[in-house]
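Worksheet: the structure to be examined is printed underneath.
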Amino acid sequence: MLHHGGVHSNLDFDSLGKRAGFLDVTHSDDRHAFSTIKVPAGVIHGGNGATLLLTAGSHGDEYEGQIILRKLMQELQPDAVNGRIIILPAFNMPAVMARSRISPIDQGNMNRSFPGDVGQGPTDEVAAFVTTHLIPQADVIVDFHSGGTATQYVDCGFTCRGPNAELNRRNWELANVFGAPFTMLCDIDGTGGDFDTTAHNLSTAFLACELGGLGRFSQSSFQFGWAGLHHVMGHLGIIEKRPPAPATRFIAVNDSATHITSTNYGLAEFHVLLGDNVRKGDPVVTLYDMHNLQFEPIVMPATQNGVIAVVRRNPLVEPGDHLCLIAPEISQPTIA
């Protein structure tokens, strides 16, 4: 049995075969005083080879990755696997059950809780368990996300650049192998909390992805993620290798990207679509005043050249609400 803080698991991660079980989280509140929080987990182990850790549901209102990992668990058999796949399809189970970005139990955002800690609530406890027991076993981690209820992303890989140059090279290679239409590239900022940074600090290859959003299931985004996962598994030698994916386009989502942000209460009319290329000065959004029909609408232009990478779901906005993200396209990072 693996144990860390208030989390333990009886799941056998080491033996050959396919098994399902749980990470069991002990937590005392009115609902769970005589219960555990059960986080589903699975293992597909076919013998010698790489270990791939797959996670989804860090945010409970993101669905494509959750379904991809459950489908993989159902369909892939150990005799087709060289190596081991560890699957956590509902990483933040309380958030998943609440259809919420964060856990309703401790307000924990799983992707802001790494490397985790004991005694700080279930979200931190699960992050600490994974940091202690599962990341050290993994050769590669793929973490599935989407835009959740609030936004929609271009279908993309997502990789962070840190101080380890060799690890950066491996991560960029994974992004190319995954083959999403876009790959977002950002810099590790050193503040921690995200899964990516903890994996980088532990020298583990890591690729996240953003597939769809709007709090619903997208078949097209699912297909990009399903194909990308199989490309990665083939690249690692875990399954039979597939033909290469189409080339991905790298876009920067660090300080060189800009948000178009509302400064007023209003109703937003979007003039662009997700994935569009825009040039500085192009009209992106027209914002209509909510109360006074005599006020002239505000036309908000693109502040730079780039790709519309993220779009807000709800057109009813107030000051501080981001309407979209414009990310500049960048050259392919060197992976040789």
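The values are calculated or read from the model by the stated rules, or taken from the named source; none is laboratory data. Quick caveat, the model's predicted, so the values are computed rather than measured. Glycine gets a Cβ as well: all are built from the backbone with ideal geometry, and neighbour counts include every protein chain shown. Surface areas here come from the heavy atoms of the whole protein model, side chains and all, with no ligands, DNA or RNA. Shrake-Rupley method; radii C 1.70, N 1.55, O 1.52, S 1.80 Å.
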Candidates per trypsin sites (Lys or Arg not before Pro) in region 1-102, loop by DSSP, up to 16 other Cβ within 10 Å: R31, R99
Over region 232-304, volume per residue of the alpha carbon convex hull, in Å³: 144 Å³
Inter-label distance, nm, simple model (7 Å from Cα along the C-beta direction), M97/N264: 4.5 nm
Heavy-atom surface of region 45-88, accessible at 1.4 Å and reported per residue (Å²): 32 Å²
Virtual spin-label span in nm between Q107 and S28, 7 Å along Cα→Cβ: 2.2 nm
Spatial separation of Cα centroids for region 16-46 and region 198-212, in angstrom: 23 Å
Taking N as its residue count, the alpha carbon Rg of region 174-263 over 2.2 N^0.38 Å: 1.25
Diffusion constant of region 104-231 at 10 °C, which comes from Stokes-Einstein with the Kirkwood Cα-pair radius and 1.306 mPa s, µm²/s: 104 µm²/s
Contour excess over end-to-end distance, with Cα ends at V118 and D139 and 0.36 nm allotted per residue: 5.0 nm
Cα-derived Rg over Rh, computed across region 1-136 with Rh taken as Kirkwood radius: 0.97
Sulfur and carbon atoms: percent of accessible area, region 53-120 [1.4 Å]: 48 percent
Exposure of E318 as accessible area (Å², to 10), given a probe of 1.4 Å and all protein chains: 90 Å²
Long-range Cα-Cα pairs in the chain (distance over 33 Å), rounded percent: 28 percent
Farthest positive-ward along the chain dipole, Cα basis, beta-carbon charges - from A41, Q219, P78: P78
Å² per residue, accessible surface of region 194-297 at 1.4 Å: 52 Å²
Chymotrypsin sites (Phe, Trp or Tyr not before Pro) within region 14-90: DSSP coil, no more than 11 neighbouring Cβ in 10 Å: F34
Portion, in percent, of the accessible area of region 186-323 that falls on carbon or sulfur, probe 1.4 Å: 52 percent
Separation of the I67 and N314 label points, Cα + 7 Å toward Cβ, nm: 2.4 nm
Total lysine pairs under 30 Å (Cα atoms) in the chain, excluding pairs fewer than 8 apart on one chain: 5
